[in-house]
Amino acid sequence: MKKLFAILALAGLGLTGCGAGRVDAYVVVDSGPALLQPSYEFLRHPTISGLEYVNSVTGSESHLTTAAGGYVGYTGGDIVTFVLGDIVLFNIPGDLAQPYSSLYEASLYSTSTLHSSTAVENLMAFLMAIDDDGDYINGIQIAYPVRVAAQGLRVNFNQSAYNFRADPSVQYATAVLSGNTLFGTRTLPSPADAILALQVP
């Protein structure tokens, strides 16, 4: 909260004796909570819509990225965390120094849950596998049935590309979630395909 300090001059007040005169007193005045300024960004390279996110400064209420990949962050130390059911995908500061330009940015901050570019590429492969229509060129679309099916699942993206694809929990989550898409069940694409998808506008 912001606090204002007001100076009250108590002059005289009938005081007598040596030193009587002006007395300065500081009174703390509560001005209410600091105003949070919204920052509007878009997940692109590629566009990701229907992805759930929460803002650390506004509580546990969740929101969804728009059809254009839009989301809202805030000033004041906000951290925007993007999730899929119980799977934490990535997080980024709510008030970016530069406009969001690529999912690779999700590994660049001290608060990042993704610790390398390989982790970002693993995440991209995962998102491609659960894209609703199976065509990442028109953007990644996370459907409602996929969000529901992700409850109780866990995925570790901070692995080598090989270990990520060999991880039984990743294989299980990919099969379950892709099975709830319009396109249907599929496996993870190759690392090269994931890197290529990260270049899509």
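Brief remarks on what is shown
- Loop-resident trypsin sites (Lys or Arg not before Pro) (DSSP state other than H, G, I, E or B) in segment 116-201 with no more than 14 further Cβ atoms inside 10 Å of their Cβ: Arg154.
- Computed over segment 119-181: relative contact order in percent, which uses C-alpha pairs under 8 Å that are six or more apart: 42 percent
- Counting only Cβ charges, +1 for Lys and Arg and -1 for Asp and Glu, the dipole size of segment 63-201 around its Cα centre is about 260 debye.
- Once the Cα-Cα distance is subtracted from the 0.36 nm per residue extended length, the Ala67 to Thr187 segment shows a gain of 40.7 nm.
- What the Cβ-Cβ distance of Gln151 and Thr111 gives, at R0 = 22 Å and to the nearest 0.05, is a FRET efficiency of 0.35.
- Heavy atoms of Ile137: accessible area, 1.4 Å probe, square angstrom to 10: 110 Å²
- Val155 contributes about 20 Å² of solvent-accessible surface, heavy atoms of the protein only, 1.4 Å probe.
- A Förster radius of 22 Å, combined with the Cβ-Cβ distance separating Asp133 from Ile195, puts the computed FRET efficiency at roughly 0.55.
- For the set Ser107, Ser117, the ranking by accessible area, highest first and with no ligand, DNA or RNA atoms included, is Ser117, Ser107 under a 1.4 Å probe.
- Heavy-atom SASA rank of Glu52, Glu61 (probe 1.4 Å, accessible area, largest first): Glu61, Glu52
- Each label was represented as a point 7 Å from its Cα along the Cα-to-Cβ direction; for Gln171 and Thr75 these points are 5.1 nm apart.
- Mean sequence separation of contacting Cα pairs (under 8 Å, at least six apart), scaled by the length of segment 41-174, corresponds to a relative contact order of 24 percent.
The values are calculated or read from the model by the stated rules, or taken from the named source; none is laboratory data. What you are looking at is a predicted structure, and each value in this text was computed from that prediction instead of being measured. Cβ coordinates were reconstructed from backbone atoms using ideal geometry, including for glycine residues, and neighbour counts include every protein chain displayed. Remember, those area values only see protein heavy atoms, side chains included, never the ligands or the DNA or RNA. Shrake-Rupley method; radii C 1.70, N 1.55, O 1.52, S 1.80 Å.
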